[in-house]
Amino acid sequence: MNRFFSFILLLTLLISAVTAAVTATGDGNDTAALLLFQSQTDIHGTLLHNWTLPVNSTTACTAQWLGVKCINNRVSAVILPSFNLRGPITALSSLPLLRLLDLRNNRLNGTLTPITQCTNLKLIYLSGNDFSGEIPPEISSLRRLLRLDVSNNNLEGSIPTQIANLTRLLTLRLQNNELSGTIPKSLNSLQNLKELNFSNNELYGSVPNGLYNHFGENSFDGNEGLCGIGNLPQCSYTGEIVPSNPSSLPTTSTATIEEPHEKSRKGLSRGGVVAIVMVNVVALLVVVSFMVAYYCGKYSRTQSFSMSGSECGKRRSSYSSEKRVYANNNGGGGGDSDGTTATDRSKLVFFDRRKPFELEELLRASAEMLGKGCLGTVYKAVLDDGITVAVKRLKDANPCPRKEFEQYMDVIGKLKHPNMVKLRAYYYAKEEKLLVYDYLPNGSLHSLLHGNRGPGRIPLDWTTRISLVLGAARGLAHIHEEYADSRIPHGNVKSSNVLLDKNGVACISDFGLSLLLNPVHAIARLGGYKAPEQSEIKRLSQKSDVYSFGVLLLEVLTGKAPSEYPSPTRPHDEEEELPVDLPKWVRSVVRDEWTAEVFDQELLRYKNIEEELVSMLHVAMACVVPLPEKRPTMVEVVKLIEEIRIEQSPLGEDYDESRNSLSPSLATTEDGLPGY
């Protein structure tokens, strides 16, 4: 009997030792995979200071690496959004127990195939990167997957039907890619799906009725080849619309049209005759259209495009009541002196694949003036189909030559980031320049901070403030990183240029408009919260952007409007303190050890945030040091803010990515004027 118990004890110890060895080996493999990933993607060394193995730690879990979460000493989550990582994610395929992968807003590339090896994944957030290739059908092996977000990449090919096997899926975001083909009808079987977005791709064919009814038209916008019920174009009898992109043609179809040069052995069919007649009719219409356009352009050169109705005191106007024409160039042959021809001057130039619209549609739109800035007037325009855009009409009709203007628009228009206001299109004519942006409905950070400071005001809580400044920092850091070599600045950083989208996400606006002005004029008319060196060097810089952002942080912490930009919604009486030079004032208060007096009284009502307030104050003061070379970069500022309050991505299955910290004041404050 004693031998038996001894055998059992020995067997138990052996099993425990083997289990521990396997666990240790597995964790060691996890650490090796992460180190390989870091070596392949962290080209700026952002993780080097943290992803190390101290003497008392042998694994990523025991060393508590930044952005790495573990369960039972195995890596279960990698959370590294906006870390400026560039390269493939191949190394992560060696993390078998990974449940959450959040690598949003980096510059990662390659294919998505590696993640199909991580069969325990539940949450995948890879939006805002440079992934290419097709969505691998093997993604269906991720049977525990709840949320898949690969939007804002360069993915192509068709949507795999195998996605329908992900029966637990709650979120499927594929928007803003280059996906083609038809939408699989099998996706109707995803009973748990709560969010779906296929907008701004190159999809074609019929939208399954069940998906359209459940998720609405907006989930399919920007795919010109789609048809179906509701407001979509009506499908032909084949149920399929052939896209304009030849690479997206379907491989099979119930009905085909022969190419004109192919000869039929049986002669022309009735359909062939009809096709030839239709081609001739279309050609005739094209010729007539060009003739009409030519004569319309010829007789419209003596007038000038104007949207001044709103500027003359009207809060509501219609573009259709104002005339669109051009300055007389003394009879030149169909073009303006700056090279604008009668054909191209009447067009809007778009930067994305979303549904474009004609200039005439924009002129017909009902318009509301939102505000006037140093560069022009901003209007809210509602098009005939309900799309709302913001239109900035530049005050200076000829800020720079046409070629330079178009080059600058390309610089602005090609940038995309979740924390930047997107330039959708621009219009150029000799005497008129229009910029068309996405319309953001929730006002600006300036209006939230300073609007309605009376008794009925709903306070702007700390969680919302830190979320907004982090979003603004990420947008600004993206600009600086994209143009690190040319050192192009934003040039106009201030709280009124931090706008909020429908979800309360902060977006930087007005980027690039400083390029349209010479440096001296840019300093005088822009500059945001001006850095001290700008009075001497007379030019904008990325370091001056950092200073301006530091002032913005002080504005958020103190609730005070900087002296250059007093709040228009708070008229000063004799007893009220005038706006101050925030950096100078804060330094004086901190020097006198009255640090608590710095912070906005609205913030002092919240508990357990004192340490975060002081930490954010240190970040702000680092940004506003007088010597530009002593200031941190915006990438470093983002990391510092994230260390104060890093955005958590829970592992729970009921995780909802919507930003629940949106302050009630977003819904009640209406007096903020967007910057754009």
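The values are calculated or read from the model by the stated rules, or taken from the named source; none is laboratory data. Note that this is a predicted model, so its numbers are computed, not measured. Ideal geometry is used to build each Cβ from the backbone, glycine not excepted, and the neighbour counts take in all protein chains shown.
Data overview
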| item | result |
| --- | --- |
| Of all residues making up the range 88-129, the number that are in a loop (DSSP other than H, G, I, E, B) and under 14 Å from Leu145 (Cβ atoms) | 9 |
| Flag if Glu217 is acidic (Asp, Glu) and modelled with pLDDT of 90 or more | no |
| Matching entry among Asp27, Asp102 (being charged (D, E, K, R), modelled with pLDDT under 90, surrounded by 18 or more Cβ atoms within 10 Å (Cβ to Cβ) and not assigned by TED's automatic domain parsing to the domain that holds Glu643) | Asp27 |
| The listed residue being at pLDDT below 70, in the same structural domain as Pro459 (by TED's automatic domain parsing) and not acidic (Asp, Glu), out of Ser663, Ser588 | Ser663 |
| Which listed residue, of Leu460, Leu383, is over 20 Å from the mean Cα position of the chain (by Cα) and either within 20 Å of Phe350 (Cβ to Cβ) or free of Cβ contacts under 8 Å to residues at least 24 places away in the same chain (or both) | Leu383 |
| The range 403-440 - residue that is under 19 Å from Val493 (Cβ atoms) and in contact with an Asp or Glu (Cβ under 8 Å, 6 or more places away or on another chain) and, of those, surrounded by the fewest Cβ atoms within 10 Å (Cβ to Cβ) | Leu415 |
| Filter result for the condition that a residue is of a type in the set (Gly, Ala, Ser) and under 27 Å from His417 (Cβ atoms), over Ser219, Ser189 | Ser219 |
| Some residue of the range 464-484 being acidic (Asp, Glu), surrounded by 22 or more Cβ atoms within 10 Å (Cβ to Cβ), at pLDDT 80 or above and assigned by TED's automatic domain parsing to the domain that holds Glu642 | no |
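Residues checked against (1) touching a helix residue (DSSP H, G or I) at 6+ places or on another chain (Cβ under 7 Å); (2) closer than 25 Å to Thr119 by Cβ:
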site	(1), (2)
Leu148	no, yes
Glu195	no, yes
Leu203	no, no
Leu226	yes, no
Asn231	yes, no
Cys235	no, no
